[in-house]
1. Multiplying the sequence separation of residue 113 and residue 310 by 0.36 nm and subtracting their Cα-Cα distance, what value in nm do you get?
2. Which loop-located trypsin sites (Lys or Arg not before Pro) does region 26-72 contain, where loop means any DSSP state but H, G, I, E or B and the Cβ has at most 13 other Cβ atoms within 10 Å?
3. If you keep only loop residues by DSSP, which chymotrypsin sites (Phe, Trp or Tyr not before Pro) in region 1-35 have at most 13 other Cβ atoms within 10 Å of their Cβ?
4. Need the list of aspartates and glutamates near residue 76 for cross-linking: C-alpha distance under 14 angstrom, and skip anything on the same chain fewer than eight residues off.
5. With only alpha-carbon pairs counted, each pair once and no self-pairs, how large is the Kirkwood hydrodynamic radius of region 230-318 in angstroms?
6. Select from 267, 196, 275 the residue whose mean-square fluctuation is largest in a Gaussian network model of the chain (Cα-Cα springs shorter than 10 Å).
7. What whole number of Å gives the distance from the Cα centroid of region 278-324 to the Cα centroid of region 149-202?
8. Identify, among 51, 162, 175, the residue whose Cα sits farthest towards the positive end of the charge dipole of region 51-175, taking +1 on the Cβ of Lys and Arg and -1 on the Cβ of Asp and Glu, with the dipole about the Cα centre.
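Derivation of every value follows stated rules applied to the coordinates shown; laboratory data play no part. As the structure is a prediction and not an experimental result, all values here were calculated from the model. When we count neighbours, we look across all protein chains shown, and the Cβ atoms used for this are built from the backbone with ideal geometry, even at glycine.
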Amino acid sequence: MSTFTYEGTENRMRWDRRRTGFMEVWYATLNHRPSGSGAWFRYTLTAPDHSVGAPYCELWGFFFDPDGKRSFAAKKRFPIDHLGAPNGRDDGALVRIGDAWLSETHLEGELASEQGSLRWSLDFEPADRCFQHLPEQLRTRVEDRVSTVCSPNLSVPFTGTVEVGGEVFDFEAEPGCQSHRWGRRHSQTWSWGHCATFQEDPSAIFEGVAARANIGPVPGPTTTFLYLHQGGEDLVFNELRWALRARSRYEMPTWAFTAKNDRWKIAGAARARLADLVQVEYADPDGSPRFCANSEIADLAIEVYERSGSTWRHHNSLTALGTGHVEFGRPQAFSELPVSF
């Protein structure tokens with residue numbers, strides 16, 4: 001099975017500090033169940049094509065409050081000389097941007113805006129296996145043409161503090177995900193979803209991505225890669241033979257999807273209120289724009305079916321209200337939302 005890998009760290013930096021036309025991102029998303037809020041932290045570097053500009057790095061921080069009163073959004077760009085050498089200090093940082101850093105067990109940073117300030121310092125327990133979104137046959141090919149993504153820590157407990165405008169939120173083994181992306185560019189369009197806080201099964205985990213990349217000047221088909229852990233079992237739909245059968249449709253703020261393998265079938269949807277989404281603009285290494293609309297307090301529902309002979313029988317339902325993570329991306333801004341940055 002190619003869904004998980006066990007050897008080495010997939011969090012290691014891929015950029016060699018010379019290559020152009022390259023981007024790399026480490027991000028973490030997590031929930032604070034006592035307040036119903038969510039957070040999204042992003043450490044990123046971009047080495048544009050020579051004709052576009054000089055390399056740079058960015059730090060992103062977002063806090064999603066379901067009441068909207070304590071929501072926060074900010075990002076800051078740094079010259080590339082603010083990117084520290086990985087593993088250059090005793091803390092074992094994988095990536096360091098100014099004073100902010102991420103290691104295999106810790107992340108921290110600080111951002112300020114007109115809204116106030118956001119600070120985070122969080123420990124997490126590293127997973128013993130890395131989740132691979134894409135089938136093994138596609139990873140290298142996709143990385144060289146577009147980009148690839150994996151989650152070294154698909155669902156792990158986070159402990160520490162997040163401070164928003166002077167208010168401190170204590171995290172005690174709260175669920176979160178830490179992922180790593182790198183390559184030449186983002187897909188033309190995409191949708192992503194994650195959840196590890198379902199009401200019916202506290203151990204259930206969902207991770208999925210759907211994307212469409214151009215094949216030269218021609219738009220390619222949408223490919224969908226889904227995974228669900230429930231009832232102590234991995235339901236795999238992101239191996240190539242099953243991914244080719246998966247289907248999805250995404251139109252911000254909703255993503256609907258279906259997939260099946262020899263034994264299991266799932267049908268689900270993720271949706272966020274417009275008030276719970278933040279829109280951010282950024283650029284691919286070739287200078288082309290990308291816009292993403294993201295929420296860490298979305299809703300998610302999945303129906304699970306098990307094959308019984310030649311028919312599918314309903315097995316169980318999974319629902320998450322305000323604890324799902326979802327993102328939509330494309331080259332054009334989403335007119336329904338303001339662009340925060």
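1. Details: separation 197, 0.36 × 197 = 70.92 nm, distance 5.79 nm.
65.1 nm is the gain from fully extending residue 113 to residue 310.
2. Details: sites: 42, 69, 70; in loops: 69, 70.
For trypsin sites (Lys or Arg not before Pro) across region 26-72 that sit outside H, G, I, E and B with at most 13 neighbouring Cβ atoms in 10 Å, the list reads 69.
3. Numbers: sites: 4, 6, 15, 22, 26, 27; in loops: 6, 15.
Listed in order of number, the matching sites are 6.
4. 58, 99, 110, 114, 281
5. Numbers: mean 1/r = 0.0653 Å⁻¹.
Value: 15.3 Å, from the Cα pair sum.
6. Evaluated over the chain, the most mobile residue of the options is 275.
7. Between the Cα centre of region 149-202 and that of region 278-324, the gap is 13 Å.
8. With unit charges placed on the Cβ atoms, the residue in question is 51.
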